[in-house]
Structure formats: C-alpha cells, structure tokens
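Presented below is the structure to which this report refers.
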Amino acid sequence: MEVERYLSQVAVREIFPSGQKIIESSSIVVVGMGGTGSAIAEMMARMGIRKITIVDDDTIEVSNLNRQALYKENDIGLKKVDVAKVELLKINNDVEVNAIDQRLTHYNAEEILSEGDIILDGTDNYNARGVMNGASFKLKKPWIFTAVEGTVGYVKAIIPGKTSCLSCFGYPDQGEGISCTVQGVIPSAVRAISSLAVTVALKVLMERESSGDLVYMDVWKPTLETLPIPRNEGCKVCGENKFARG
Ligand SMILES: [Zn+2]
C-alpha cells in the first residue's frame, strides 16, 4: 500500500498507523447498494479496506441519482453491483471488490455474510435487517444497523455476545418498509448516516466500540443523540432464554 495515500487519516490519533493496519487487513460486507450502501463502500474503499463484498440485485434508476454516490446518468438500467465494482476499483485499485448480484435472504445470508469481518446495512427494509440480525448472531459477526427517513437517521452497532441486537428492542423483523421515493429522504441525511456508520464500523474493527448505543441524528434541526439499548434476556434472537422459550 502507498503510505502517502492515507497520510491524512493516519495522522488522526484515533486511527494512527495501528488502526490503518487493521483497516488494510479487514473485510466488510455491504448489504444494499443504494444511497447509504454506496456511500459506505466509497468511503471504505478510499480508506484502504482490504476487501469489500457488495450485495444487491437492483438496477440503477433515474430516481436514485440524487443520493446514490457511485452512479451517473449513463449507468441507468445497469446493475448496481456491476457499476459499483467498476467505480470502487477506479477509486482504489488495491481494494478487492466482490460483487454479488443477489438479494439477501435466509437461504444465502450465512454464506454471503461470512465473507466479511463486519457487515454494514445499506438496505431499506425490515426483511433484510431481520436476516442480517439472525445470521450475524449465528456467525458471531458484528453488524452495523442504519436507517434513514426524511431528515433523520439511526445507526447502531450490534456485536453478538456484547451488545443488544435489533430484536432486543422490538424492531420489526419482517416487511418491505416504504420506499425512499414514497416516504422521502434528504440526500444530506443519507451521507451523514453513512459517515456515522463508517465511523462506528471502524471503532468495532479496532475493538473500541462495545456500547451498542442507538445513535439518532436529525440533519435539519440539527441534533445528535445516543440512546442506550440494553440487552433483553427474553430476546428471541440473542436472549439467554430463547431456547427455553422454544
Ligand atoms: Zn437481541
């Protein structure tokens, strides 16, 4: 790796050469390559992550272009993962990019998610997040939940065995959710939440995050809050009592 490329981030005390070494030896899986996922993948590629696996079965539409970092007008109609892979390699050819043209389901999740040291949520629906939550617990791999709606968004680290999971606080694990074009989302909120998600992911990789607090951000007001989410003994995914409950 070229040292010069990463000078500005290595100069930050929170990263330093030791953190950069971890970045350059880590792999991530980004599920969903919409606004959040493409911004996360772009930042991680620029920072020199070793390997990125991107997962999405969508094609690029004109309504994606206001917020989805890697796509341009002449990409309309093409597969998101194909375009994203080309663009990520243009940004940093040292990164290994693994493009998977599939939707994440209960059937393929464990195989796909085992490709990464950490999983980042770039999806917009409850089904995919439920799949990630269950599979990451089984695989004992951390994942970063993200959601954006209007001017607000959420980020939470979920580290099996350490933090609460998505089901601990009753987050729905099924349903398509409402698409961005219907419920509305401001591109600056997407970027802000993507930036927070990347930061939290780096902290998990460097073993400096274990609280699993839910971070809530409104870019319009603006406000940023962290809400502690305790583990739930009775959680059907990660709770101590889940086997007894059948
Ligand atoms: Zn749980």
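The values are calculated or read from the model by the stated rules, or taken from the named source; none is laboratory data. Keep in mind it's a predicted model, so treat the numbers as computed, not measured. Neighbour counts are summed over all protein chains in view; Cβ atoms, including those assigned to glycine, are modelled from backbone coordinates with ideal geometry. In case anyone asks, the SASA skips ligands and DNA or RNA and just uses the protein heavy atoms, side chains included. Shrake-Rupley method; radii C 1.70, N 1.55, O 1.52, S 1.80 Å.
Miscellaneous remarks
- Leading residue by the ranking (surrounded by the most Cβ atoms within 10 Å (Cβ to Cβ)) among those in the range 82-135 that are in a helix (DSSP H, G or I) and among the β-branched types (Val, Ile, Thr): Val131
- Considering only residues in the range 53-66 that are touching a Lys or Arg at 6+ places or on another chain (Cβ under 9 Å) and open to solvent by less than 30 Å² (accessible area, probe 1.4 Å), the one that is nearest to Met132 (Cα to Cα) turns out to be Val55.
- Number of the exception - Phe169 against (1) within 13 Å of the ligand (Cβ to nearest atom); (2) free of Cβ contacts under 8 Å to residues at least 60 places away in the same chain: (2)
- Checking each residue in the range 142-151 for being open to solvent by 10 Å² or more (accessible area, probe 1.4 Å) and within 15 Å of the ligand (Cβ to nearest atom) picks out only Pro142.
- Subset of the range 201-234 (residues that are acidic (Asp, Glu), more than 16 Å from the ligand (Cβ to nearest atom) and without any contact (Cβ under 8 Å) to a residue 24 or more places away in the chain): Glu207, Glu225
- Restricting the range 182-206 to residues that are at pLDDT below 95 and open to solvent by 40 Å² or more (accessible area, probe 1.4 Å), the residue that is farthest from the chain's Cα centre (by Cα): Val182
- Just one of (1) open to solvent by less than 50 Å² (accessible area, probe 1.4 Å); (2) in contact (Cβ under 8 Å) with a residue 24 or more places away in the chain fails for Ser25. It is (1).
- Among the residues of the range 152-166, the ones that are crowded, with 19+ Cβ neighbours inside 10 Å and either within 16 Å of the ligand (Cβ to nearest atom) or at pLDDT below 95 (or both) come to 8 in all.
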